[in-house]
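The values are calculated or read from the model by the stated rules, or taken from the named source; none is laboratory data. Values in this document were obtained by computation on a predicted structure and should not be read as measured data. Cβ atoms come from the backbone with ideal geometry, glycine included; neighbour counts cover every protein chain shown.
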Amino acid sequence: MSQIARTGPLAAFDTDPARSRTLPGSYYHDPAIFRRETTALFHATWQYVGHVAMLPDPGSYIVRDILDQSVALVRGADGVIRAFFNVCQHRAHRLLEGEGNVKAVITCPYHAWSYGLDGALRTARGAERMARFDQGAFCLTAVPLGEMLGFLFVNLDGKAPAFETVTGALKAEIAAYSPNAARLLCAHRNEFPLKANWKNSVENYDECFHCPVQHQSLIAEALDYASYRVVTHEHHHSHTSRAPDKRRYTTVTEGAAKPDAFASWLLFPNWCIEAYPGGNLTVFHHVPIGPEQTVQRCEWYFPHATSTAVEREVIEFVDVVRAEDIPICESVQNGLHSLGYRRGAFVVDAARSEVSEHAVHDFQLKVLRALGKAG
């Protein structure tokens with residue numbers, strides 16, 4: 001038995017999931033804890049920002065806000081995708097918004113300083129006759145960028161472990177289910193706002209104990225529930241099951257290696273991806289907005305940018321599952337404020353089977369370690 005603390009709010013949280021109580025409710029709504037997570041988790045980990053297919057041409061850009069920071073990804077004239085903090089080096093105005101194409105230069109809308117697609121300062125309006133002006137000192141600030149099977153991630157503070165260290169094993173697992181993942185295209189995107197903390201949203205995704213109760217169509221048409229297993233790793237969790245005999249949601253991509261299997265993964269802390277039978281992929285990104293506000297951003301990846309009728313069925317099916325999960329998360333969020341909630345126990349079995357919540361415990365332990373609350 002190894003309790004994180006003998007007294008205080010973390011008393012009874014144990015590194016052994018079978019002995020542990022869950023995190024205190026305050027960890028899901030306390031603004032001070034959320035502020036600490038901003039730097040200790042979201043600045044310090046590899047955060048998902050998009051897919052290479054979203055940047056098809058030189059000058060293509062996408063902007064992603066990660067809580068208090070904004071990042072712009074731009075494809076250069078040399079074809080290389082780069083990430084920069086989305087801020088002008090003159091007077092700190094935001095440079096870009098949304099998604100689009102800037103052709104050859106990025107021009108600040110405030111005072112019209114402009115930057116090349118490589119981040120170098122091109123023109124500094126008003127500084128032309130300043131003898132001591134060092135143009136090279138005002139380049140855009142680069143952000144470390146990693147790419148896995150076409151999916152792009154940034155690390156805001158530059159201190160995360162090497163991207164390959166974090167994602168290497170995950171990359172191999174995803175490729176086993178979807179060998180052509182890097183060539184798939186985003187055919188559809190949707191957003192699902194929910195009034196809940198981001199951890200609440202991730203934890204709901206990270207177990208299937210609730211699936212027979214809340215997702216009967218998922219059990220009947222996408223999963224062989226008895227074969228569902230969850231394995232925890234240092235940087236990710238793996239969920240796998242066979243597909244049911246009478247499955248509906250199968251779209252086969254060329255060279256699909258496991259057409260009769262379902263898998264999903266959590267890359268800590270908040271990025272999830274699913275491989276449905278046949279090899280298509282669905283991203284679930286749990287994006288924190290505030291202590292009790294999250295947006296689930298979903299992306300569907302198929303061989304072509306325009307989805308087929310069968311693929312649209314997959315999209316609609318996932319929408320149904322999201323609609324079932326959102327009220328669950330919001331009810332839990334309300335309950336975490338209750339004076340009567342005394343913290344639950346994790347249901348854990350040795351087989352790490354379909355009813356086991358050991359992955360939720362591992363997720364909570366990883367959060368505590370990131371916050372410096374556990375060794």
Task: Residue list for the stretch 16-30, restricted to those being of a type in the set (Ser, Thr, Tyr) and surrounded by fewer than 17 Cβ atoms within 10 Å (Cβ to Cβ) - done: Ser26
- [ ] Could you figure out which of (1) more than 15 Å from Asp206 (Cα to Cα); (2) in contact with a strand residue (DSSP E or B) (Cβ under 9 Å, 6 or more places away or on another chain); (3) of a type outside the set (Lys, Arg); (4) assigned to a helix (DSSP H, G or I) isn't true of Thr294?
- [x] (4)
- [ ] Identify the residue in the stretch 114-149 that is under 30 Å from His236 (Cα atoms) and free of Cβ contacts under 8 Å to residues at least 40 places away in the same chain and, among all such residues, is farthest from the chain's Cα centre (by Cα).
- [x] Leu149
Open item on the list: Considering only residues that are among the basic types (Lys, Arg) and crowded, with 17+ Cβ neighbours inside 10 Å, which ones fall in the stretch 77-100?
Closed with: Arg82
Open item on the list: The conditions are (1) at pLDDT below 95; (2) surrounded by 18 or more Cβ atoms within 10 Å (Cβ to Cβ), and Arg129 fails exactly one of them. Which is it?
Closed with: (2)
TODO: Provide a single number: the residues in the stretch 261-288 that are touching a residue at least 60 places away in the same chain (Cβ under 8 Å) and either small (Gly, Ala, Ser) or part of a strand (DSSP E or B) (or both).
DONE: 17
Open item on the list: Cβ contacts < 6 Å: first residue of a type in the set (A, V, I, L, M, F, W, C), restricted to the stretch 350-367; second residue in a helix (DSSP H, G or I), any location; separation 6+ or different chain. Result?
Closed with: Val360/Glu203
Open item on the list: Is it the case, given these coordinates, that Ala137 is at pLDDT 95 or above, farther than 28 Å from His286 by Cβ and surrounded by fewer than 19 Cβ atoms within 10 Å (Cβ to Cβ)?
Closed with: no
- [ ] Can you work out which of the residues in the stretch 216-240 that are assigned to a loop (DSSP other than H, G, I, E, B) and not charged (D, E, K, R) is surrounded by the most Cβ atoms within 10 Å (Cβ to Cβ)?
- [x] Ala222
Task: Residue within the stretch 23-32 that is more than 15 Å from Leu156 (Cβ to Cβ) and without any contact (Cβ under 8 Å) to a residue 12 or more places away in the chain present - done: yes
TODO: Mind telling me which of the residues Tyr115, Tyr61 ends up being among the aromatic types (Phe, Trp, Tyr), over 22 Å from Gly158 (Cα atoms) and not assigned by TED's automatic domain parsing to the domain that holds Leu267?
DONE: Tyr115
TODO: Check whether at least one residue in the stretch 101-113 is surrounded by 12 or more Cβ atoms within 10 Å (Cβ to Cβ) and either within 30 Å of Glu234 (Cα to Cα) or under 26 Å from the mean Cα position of the chain (by Cα) (or both), and report yes or no.
DONE: yes
TODO: Keeping to the stretch 298-314, report how many residues are of a type outside the set (Asp, Glu) and surrounded by fewer than 18 Cβ atoms within 10 Å (Cβ to Cβ).
DONE: 7
TODO: Given the conditions (1) crowded, with 20+ Cβ neighbours inside 10 Å; (2) among the hydrophobic types (A, V, I, L, M, F, W, C); (3) modelled with pLDDT under 95, report the number of the one that Ala5 does not fulfil.
DONE: (1)
